[in-house]
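The values are calculated or read from the model by the stated rules, or taken from the named source; none is laboratory data. As the structure is a computational prediction, the values presented were derived from the model and not from experiment. For neighbour counting, all protein chains shown are included, and Cβ atoms are generated from backbone atoms with ideal geometry for every residue, glycine included.
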Amino acid sequence: MTVSVRVPASSANLGPGFDALGMALAMYLEIEAEVSEETSIAASGRDAHLCGRLDRNLILSTIFDLLSASGRSIPGLKLTLKNEIPLGRGCGSSAAAIVAAVLLANELGQLGWDEARLLREVSRIEGHPDNVAAALLGGVVASAMQPDGEVAAVKIAAPSVWQFLVAIPSASLSTSKARGMLPDAYSKADTIFNVQRSALLMGAFAAGRGDLLRLAMQDRMHQPYRMEACPLLKALLPMSGKNGVLGVALSGAGPSVLLVLDKETDPQTIIAEAQKLSGDPGLEVVVTAVAEGAVSQNR
């Protein structure tokens, strides 16, 4: 059996929706898997030297762990992998790997898992549902993990007239390090601040109200605490609400930054401005779009 999967990148939080909101982005992890006597990976694309490692490989370990737990076994896997998602940059690379692995295990082991079970498994492995729910379902997704591990998620379509940029700095930042920067508790005022803006943000996406994004993408729960480790955010936040930039937010745990533009704005103008403000000669700014969810097929 040969199974192929295609999983999009994702940008979590979108500002105030910490561990709750995510958006699928049109950068992809594509994998073709074939049962083999020996395990091997042929990787191409971004960070191919890391994606192609056999040791500490998240995709391989997840597949074999799930198959073993389900009473299935295979001798080995031959993976052919093409990656467009930058690793360690806040664009959901680990979430894409987890979603790809769960989909591959489901097909290879003929587990018969439905969407709800797939969502539960990817969220369990990731530890929170924001990135994995967006990567699995596509679009803009609000999700919540329940005490029993079940995940409730709802997907909405982003307005087609908005444009999206991801500014990717040259330096990476691990999610564990970024999470370690956060406080153990928040004030009542900061909690209310984020609840209000999270609600407003989903309303703005649903109604296509780009004029609300500057306010709705503000945050007090994670961005201020990560600012020092994510200097690009500090450099680009002043662009929000000006010259066609509707909103700016840290992409996931950072250090990449998501920018939302109106339909009339030339993205190349904003890219040039972002590169100038960043002071990072290695900065890459990608023009992207909201993506559909992950797909898998076998033959």
Worksheet item: Considering segment 140-150 alone, what residues qualify as being part of a loop (DSSP other than H, G, I, E, B) and either polar (S, T, N, Q) or closer than 30 Å to residue 231 by Cα (or both)?
Response: 146
Worksheet item: What is the residue count in segment 160-209 for residues that are among the acidic types (Asp, Glu) and either on the phi > 0 side of the Ramachandran plot or free of Cβ contacts under 8 Å to residues at least 12 places away in the same chain (or both)?
Response: 1
Practice prompt. Give segment 3-18 a look and list any residue that's assigned to a loop (DSSP other than H, G, I, E, B) and either hydrophobic (A, V, I, L, M, F, W, C) or modelled with pLDDT under 95 (or both), or say none.
Written response: 14, 18
Worksheet item: Out of 223, 196, which single residue is surrounded by 14 or more Cβ atoms within 10 Å (Cβ to Cβ) and farther than 15 Å from residue 247 by Cβ?
Response: 196
Worksheet item: Just to be sure, is residue 269 of a type in the set (Val, Ile, Thr), under 18 Å from residue 217 (Cβ atoms) and either touching a residue at least 40 places away in the same chain (Cβ under 8 Å) or surrounded by fewer than 23 Cβ atoms within 10 Å (Cβ to Cβ) (or both)?
Response: no
Worksheet entry | Among residues of segment 151-185, those that are in a loop (DSSP other than H, G, I, E, B), of a type in the set (A, V, I, L, M, F, W, C) and under 15 Å from the mean Cα position of the chain (by Cα), counted | 1
Fill in: Lone qualifier among 72, 89 - being over 16 Å from residue 4 (Cα atoms) and in contact with a strand residue (DSSP E or B) (Cβ under 9 Å, 6 or more places away or on another chain)
89
